[in-house]
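The values are calculated or read from the model by the stated rules, or taken from the named source; none is laboratory data. Computed from a predicted model, the values in this text were never measured in an experiment. With ideal geometry, Cβ positions are generated from the backbone for all residues, glycine too; neighbour counts draw on all protein chains shown.
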Amino acid sequence: MRRVPVEAFVAGVVRKYGALHVALNNAGIQIVKQLHEMTVEEWDDNIRVAAISPGTTDTPLLDSRRPPNITDEQWAAGKAQYGADNVDALRRMARPEEIAAAALAVASPEMSFVTGTSVVVDGGMLAGL
């Protein structure tokens with residue numbers, strides 16, 4: 001059975017796509033393919049493999065891209081407008097704690113039958129609602 005340490009997997013993704021955030025945005029198909037391959041490899045050891053696929057999330061990384069001439073109020077309004085225009089169902093960006101809650105839920109014993117899948121936490125963007 002082939003085992004790929006998480007660090008090696010992430011390093012490979014970064015090598016291939018240039019940065020982890022670029023990979024997460026642009027290489028989802030490859031990541032999901034590897035997710036399925038890893039799931040099959042880990043079945044015998046009773047290890048669950050799942051991914052979280054977040055939508056646009058309001059994080060400090062996003063805030064670090066704020067232009068210097070924009071006030072706090074303008075920046076907040078711009079982010080709210082982006083969420084309203086681009087997140088189909090919920091009309092807002094996710095908060096980091098919402099993505100973390102999904103990860104904790106998938107890792108919990110109550111979700112012990114979840115494996116080999118990606119949990120989409122995108123406010124309805126993928127569904128196009």
Among the residues in the stretch 118-129, are any over 13 Å from Thr56 (Cβ atoms) and in contact with a Leu (Cβ under 8 Å, 6 or more places away or on another chain)? yes
Are any residues in the stretch 102-128 crowded, with 16+ Cβ neighbours inside 10 Å and closer than 14 Å to Ile47 by Cβ, and if so, which ones? Val106, Thr115, Gly116
What are the pairs with Cβ atoms under 7 angstrom where one residue, in the stretch 43-66, is farther than 18 Å from Ala89 by Cβ and the other, located anywhere, is loosely packed, with under 10 Cβ neighbours inside 10 Å? Sequence gap at least six, or different chains. Asp44/Met1
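Modelled with pLDDT of 75 or more, part of a helix (DSSP H, G or I) and either loosely packed, with under 13 Cβ neighbours inside 10 Å or touching a strand residue (DSSP E or B) at 6+ places or on another chain (Cβ under 9 Å) (or both): does that describe Leu24?
Numbers: modelled with pLDDT of 75 or more: no; part of a helix (DSSP H, G or I): yes; either loosely packed, with under 13 Cβ neighbours inside 10 Å or touching a strand residue (DSSP E or B) at 6+ places or on another chain (Cβ under 9 Å) (or both): yes.
When the stated conditions are applied, Leu24 does not pass them.
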Among the residues in the stretch 57-68, are any modelled with pLDDT of 85 or more, in a helix (DSSP H, G or I) and more than 17 Å from the chain's Cα centre (by Cα)? yes
Breaking point among (1) touching a strand residue (DSSP E or B) at 6+ places or on another chain (Cβ under 7 Å); (2) in contact (Cβ under 8 Å) with a residue 40 or more places away in the chain, for Pro96: (2)
